[in-house]
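K.L.:
After the structure tokens below, expect a handful of questions from me.
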Amino acid sequence: PDEIIPVPGLPHTLTGKRLEVPIKRLLSGTPVERAVNPGSVDRPELLEFFVGLAADRRSAAA
């Protein structure tokens, strides 16, 4: 990887599957409502972390 970023955790579905594709979508700028259903996530507060990370990375690239 080009960069390793520590994160507080990875969200999972309620059945325990990692949300890899929705996280990738969040990092590419997709709104939370379109990327994943927050009601199906075990730790929805982590979604906001990834939204903030994406915004920080976009502003740093600009």
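Readers should treat all values here as calculations from the given coordinates under stated rules, not as data from a laboratory. Keep in mind that this is a model prediction, so the values were computed, not measured. A quick note on method: Cβ atoms are made from the backbone with ideal geometry, for glycine too, and the neighbour counts reach across all protein chains shown.
K.L.:
Could you check the range 12-36 and list, in sequence order, the residues that are farther than 20 Å from ARG58 by Cβ and in a helix (DSSP H, G or I)? Spell out how you get there, then give the answer.
P.N.:
First, pick out the residues of the range 12-36 that are farther than 20 Å from ARG58 by Cβ: 12-20.
Matches in the range 12-36: GLU20 only.
K.L.:
Being within 12 Å of the chain's Cα centre (by Cα) and basic (Lys, Arg) is the filter here; which residues of the range 35-62 pass it?
P.N.:
Selection gives ARG43 alone.
K.L.:
When the range 14-39 is examined, which residues are found to be touching a Ser or Thr at 6+ places or on another chain (Cβ under 8 Å) and surrounded by 15 or more Cβ atoms within 10 Å (Cβ to Cβ)?
P.N.:
At the first step, the residues of the range 14-39 found to be touching a Ser or Thr at 6+ places or on another chain (Cβ under 8 Å) are 14, 19.
LEU19, the sole residue that qualifies.
K.L.:
Give me the pairs: first residue in the range 37-52 and in a loop (DSSP other than H, G, I, E, B), second residue among the aliphatic types (A, V, I, L, M), beta-carbon distance under 8 Å, and six or more apart or on different chains, which are they?
P.N.:
From the range 37-52, the pairs are ASP42/LEU14.
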